[in-house]
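Heads up, the thing below is written out as structure tokens.
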Amino acid sequence: MREQYFDKMLYGGDYNPEQWPKDIWEEDMRMFNEAHINSATINVFSWARLQPSENEYDFSELDAVIERLAKEDMEIVLGTSTAAIPAWMCRKFPDVTRVDFEGRKHKFGHRHNHCPNSPSFKRFASELVHRLAQRYSGHPNLKIWHISNEYSGECYCEQCEKAFRVWVKDKYETIEVVNEAWNMSFWGHTLYEFDDIVVPNYLGDGIHDTAAAFAGLSIDYRRFNSDSLLNNFKMERDIIRLYDKETPTTTNLMGTYKGLDYFKWAKEMDIVSWDNYPSYNTPLSHTAMNHDLMRGLKGGESFMLMEQTPSQQNWQPYNALKRPGKMRVQSYQSIAHGADSIQFFQLRRSKGAVEKFHGAVIEHAGHSNTRVYREVMELGRELKRLGDDLIGAETKARVGILFDWDNYWALEYTSGPSVALRYVDQIQRYYDACYSRHVDIDMLHMDSKFSKYDIVLAPVLYMVKEGVSEKIDAFVSQGGTFLTTYMSGIVDQSDNVHLGGYPGPLRETLGIWVEEIDALAPGTTNILATEAALFSQGRYKCEMLCDLVHLESAEMVVAYNSDFYKGMPAVTKNRFGSGEAWYVGTVPEQTMLNELIAHILTEKEIETFDDVPEGVEIASRVKGEKTFYFIMNHRNDVQQFHSSFKGCTDVLTNQKVSDKIQLEPFDVKLLVKK
Ligand SMILES: [Zn+2]
């Protein structure tokens, strides 16, 4: 049963009043109220002030901030401040800083900079969190505990190396099993004892972020590093729980960030939150997929949008302003995909350091007479009016797409067949094919319940771990439609090939086997010949990879039309039990992929919206008897289309819509069907 943490949408963001004199706080409070801001995220990077030296703590300023916010009855998202370590700690306890991939020991500087296995870090972080939890638990305005911030990065120091050996021993038990798992007979790498294990950075068997001499070892190190940071999170959470049994905990995640297995992390968090920073050229569908992934982490539970900029970022190469209306439509896009909060980074803009050009609700001008502030205020008014209408609403997706960090790591460590192969890009292509038809999608994990879905897509399911193929078999044989692609079914959990022909354990379900994989150089293509009625054209291009596929029980749907494998199948379909399993053996142009997926959606009678103009997005959430349709124009021009929404009420304007929908630039309609 899902928990309901909010009775209204949290609207606010990061607030760092310690950077400002106290008389400014009064003006802040006035402006927050005027903009309908009802929450503040505080104490995210305050360790240096809370603990100015090893044995000295000072909570007076934090007390004052909390007291001031409480006076306005603001909901408080309380950080634990452990994401940036104080200078004195680095000076006196050098084990707290990291060693990087190149083997360089880091000094004091930056943030997200602690070694997750440092005894000093763990000691000081736990002492700080004990004090924070003891002091502020039970405070009536404390809404969420925000542990650390944007956990990320890796450490390759000697204490991590020692901890890794323990982790490996727990997993494999004997060194012989480790040798087998990592295939260490290759290049005479046989390990004789656990102390022979070295961290896979540049000084060992690492090559760089996307190449490794021994992928099994490097994948295990990623798992270990993700677990190490997760242990830091769990340590703080467990301390909080000693004092506070109820207030939910979170930490802000970062979409498809590669370094951490977020599905594993989400199991330890009460509520998922994430930071959404699309660039000026980020495809809309990528942001949508990120939201869906964040909602998928806890099996469809709504999440918090912890950070977005109201206007501008500072860390991208070209930091475009969000055009008037764009922040609003992006906020609704978050809500449409499952957000129960809209929070900004940040409420008042820093006067110095790296984020001084990062947008904020209160700009450097310092007053409310700004475009950005007015837009924040307008959205605040609208969200206040919506109240709890959308809180906890669900997405009723019938299509699921598998996303798996083990696969992400393994596929990108693989040397060959093509450096162009990137995990998220390939998942995105299939997401886009559904998104182009405005179909709601759940992002799934290997443990998700496949039987809830009509269609499960598993692009580049390169690593098939134990039990996965059995799950897929059961799903298809009971009537589900499954689709996978090139680079699937190839290796086991340790990156060793499933021998006997690709796609290994998926071979029978798919009714094919793959003999070879051709990699096409950039700019070169093969041609696909389609005869099936499901495509609008007879010829399409394909690129990057071409599997040489042999049919077993499957039928050919599309064939290659050039090179020595002309006539061989490129796309196949297999009846298996009462379901169907599709295999796409190459990277077809997106138009063809969209048509293929549209065909599968139609076969399963899934609601799609066709003839919707480019740049308009439709997504839905369901609460009780009501289905809310979000119709969002992400473009800076007027868009019109005919729809089946005639007679629905736009709850933002209280007007009924006709069969013709007209959207102003960056406009949003929130239609409700009972
Ligand atoms: Zn370390």
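The values are calculated or read from the model by the stated rules, or taken from the named source; none is laboratory data. All of these numbers come straight from a predicted model, not from anything done at the bench. As a convention, Cβ positions derive from the backbone with ideal geometry for all residues, glycine included, and neighbour counts pool all protein chains shown. Heads up: the accessible areas ignore ligands, DNA and RNA and are worked out on the full protein's heavy atoms, side chains in. Shrake-Rupley method; radii C 1.70, N 1.55, O 1.52, S 1.80 Å.
Against the definition (assigned to a loop (DSSP other than H, G, I, E, B), of a type in the set (S, T, N, Q) and open to solvent by less than 10 Å² (accessible area, probe 1.4 Å)), how does THR282 come out, yes or no? Considered against the rule, which asks whether it is assigned to a loop (DSSP other than H, G, I, E, B), of a type in the set (S, T, N, Q) and open to solvent by less than 10 Å² (accessible area, probe 1.4 Å), THR282 comes out as no.
Taking segment 503-524 as the range and being polar (S, T, N, Q) and without any contact (Cβ under 8 Å) to a residue 24 or more places away in the chain as the test, only THR524 passes. The numbered conditions (1) surrounded by 15 or more Cβ atoms within 10 Å (Cβ to Cβ); (2) away from the ligand (no atom under 16 Å from the Cβ) are all true for PRO200 except (2).
Can you find even one residue in segment 328-339 that is buried (at least 24 other Cβ atoms within 10 Å of the Cβ) and assigned to a loop (DSSP other than H, G, I, E, B)? Checked segment 328-339: at least one residue is buried (at least 24 other Cβ atoms within 10 Å of the Cβ) and assigned to a loop (DSSP other than H, G, I, E, B).
Pairs meeting the criteria (first residue in segment 96-113 and closer than 17 Å to ASN232 by Cβ and charged (D, E, K, R), second residue open to solvent by less than 20 Å² (accessible area, probe 1.4 Å) and near the ligand (Cβ under 10 Å from one of its atoms), beta carbons under 9 Å, at least 6 apart or on different chains) are ARG98/HIS114; ARG98/CYS115; ARG98/PRO116; ARG98/SER118; ARG98/CYS155; ARG98/CYS157; ARG98/CYS160.
Going by the structure shown, is VAL460 assigned to a loop (DSSP other than H, G, I, E, B) and closer than 18 Å to PRO503 by Cβ? Spelling it out, VAL460 is indeed assigned to a loop (DSSP other than H, G, I, E, B) and closer than 18 Å to PRO503 by Cβ.
Against the test of being of a type in the set (A, V, I, L, M) and in contact with an Asp or Glu (Cβ under 7 Å, 6 or more places away or on another chain), the options LEU260, LEU217, LEU242, LEU203 yield a single qualifying residue, LEU217. Against the condition under 14 Å from the mean Cα position of the chain (by Cα), surrounded by 23 or more Cβ atoms within 10 Å (Cβ to Cβ) and either aromatic (Phe, Trp, Tyr) or modelled with pLDDT under 95 (or both), how does TRP405 come out, does it pass? Yes; evaluated as a whole, the condition is true for this residue.
Scan segment 51-99 residue by residue and report those that are farther than 21 Å from ILE24 by Cβ and part of a helix (DSSP H, G or I). Across segment 51-99, the qualifying residues are ALA87, TRP88, MET89, CYS90, ARG91, LYS92, PRO94, ASP95, VAL96.
Across segment 110-120, the number of residues qualifying as under 17 Å from ALA48 (Cβ atoms) and more than 27 Å from the chain's Cα centre (by Cα) comes to 1.
Considering only segment 114-152, state which residues are part of a loop (DSSP other than H, G, I, E, B) and within 24 Å of TYR11 (Cα to Cα).
Once the filter is applied, which keeps residues that are part of a loop (DSSP other than H, G, I, E, B) and within 24 Å of TYR11 (Cα to Cα), segment 114-152 yields SER137, GLY138, HIS139, PRO140, ASN141, ILE147, SER148, ASN149, GLU150, TYR151.
Considering segment 475-502, and only residues there that are free of Cβ contacts under 8 Å to residues at least 24 places away in the same chain and in contact with a helix residue (DSSP H, G or I) (Cβ under 9 Å, 6 or more places away or on another chain), the residue that is surrounded by the fewest Cβ atoms within 10 Å (Cβ to Cβ) turns out to be GLY500.
Mind checking which strands (runs of 3 or more DSSP E) fall wholly inside segment 564-642 and carry at least 2 residues that are open to solvent by less than 50 Å² (accessible area, probe 1.4 Å) and of a type in the set (A, V, I, L, M)?
Details: elements: 569-576, 579-584, 586-588, 616-623, 626-633, 639-642.
Qualifying strands (runs of 3 or more DSSP E): 569-576, 579-584, 616-623, 626-633.
For segment 68-115, the candidate set comprises residues that are closer than 25 Å to GLU307 by Cα and of a type in the set (Val, Ile, Thr); within that set, the residue that is nearest to the ligand (Cβ to nearest atom) is ILE85. Looking at MET184 and the list (1) over 30 Å from TYR5 (Cβ atoms); (2) within 16 Å of the ligand (Cβ to nearest atom); (3) open to solvent by less than 20 Å² (accessible area, probe 1.4 Å), which single condition is not satisfied? Answer for MET184: the failing condition is (2). Scanning segment 261-278 for residues that are without any contact (Cβ under 8 Å) to a residue 40 or more places away in the chain and in a loop (DSSP other than H, G, I, E, B) turns up LYS267, GLU268, MET269, VAL272, TYR277. Could you tell me whether GLU394 is within 21 Å of LYS298 (Cβ to Cβ) and among the acidic types (Asp, Glu)? Against the criterion (within 21 Å of LYS298 (Cβ to Cβ) and among the acidic types (Asp, Glu)), GLU394 qualifies.
Return the total of residues in segment 116-136 being away from the ligand (no atom under 11 Å from the Cβ) and open to solvent by 30 Å² or more (accessible area, probe 1.4 Å).
First pass over segment 116-136, keeping only residues away from the ligand (no atom under 11 Å from the Cβ): 120, 122-136.
Filter again for open to solvent by 30 Å² or more (accessible area, probe 1.4 Å), leaving 122-123, 127, 130-131, 134-135.
Of the residues in that region, 7 qualify.
Only one of the numbered conditions (1) within 29 Å of TRP274 (Cα to Cα); (2) within 16 Å of the ligand (Cβ to nearest atom) is violated by ARG241, and that is (2). Selection of segment 652-674 for residues being surrounded by fewer than 18 Cβ atoms within 10 Å (Cβ to Cβ) and assigned to a loop (DSSP other than H, G, I, E, B) yields LEU652, THR653, ASN654, SER658, ASP659, GLU664, PRO665, LYS674.
Residues that are crowded, with 19+ Cβ neighbours inside 10 Å and either more than 16 Å from the ligand (Cβ to nearest atom) or of a type in the set (S, T, N, Q) (or both) within segment 151-181 comprise ILE175, VAL178, ALA181, listed in sequence order. The single condition from (1) touching a residue at least 24 places away in the same chain (Cβ under 8 Å); (2) closer than 30 Å to ASN290 by Cβ; (3) open to solvent by less than 60 Å² (accessible area, probe 1.4 Å) that ILE527 fails is (2). From the residues in segment 210-223 that are open to solvent by 10 Å² or more (accessible area, probe 1.4 Å) and within 16 Å of the ligand (Cβ to nearest atom), which one is nearest to CYS157 (Cα to Cα)? In this case the residue turns out to be ARG222.
Working carefully through the options TRP182, TRP187, find the one that is out of contact with any Leu (no Cβ under 6 Å at 6 or more places or on another chain), outside the structural domain of VAL491 (by TED's automatic domain parsing) and hydrophobic (A, V, I, L, M, F, W, C).
Values: TRP182 fails: out of contact with any Leu (no Cβ under 6 Å at 6 or more places or on another chain).
Going through TRP182, TRP187 in turn, the sole match is TRP187.
Pick out the one residue from LYS258, LYS298, LYS234 that is under 30 Å from GLY416 (Cβ atoms), open to solvent by 20 Å² or more (accessible area, probe 1.4 Å) and in contact (Cβ under 8 Å) with a residue 12 or more places away in the chain. The conditions single out LYS258. Sort out which residues of segment 435-473 are touching a residue at least 24 places away in the same chain (Cβ under 8 Å) and more than 23 Å from the chain's Cα centre (by Cα), and write them in order of number. Passing the criteria: SER451, ASP454, GLU466, SER469, LYS471, ILE472, ASP473.
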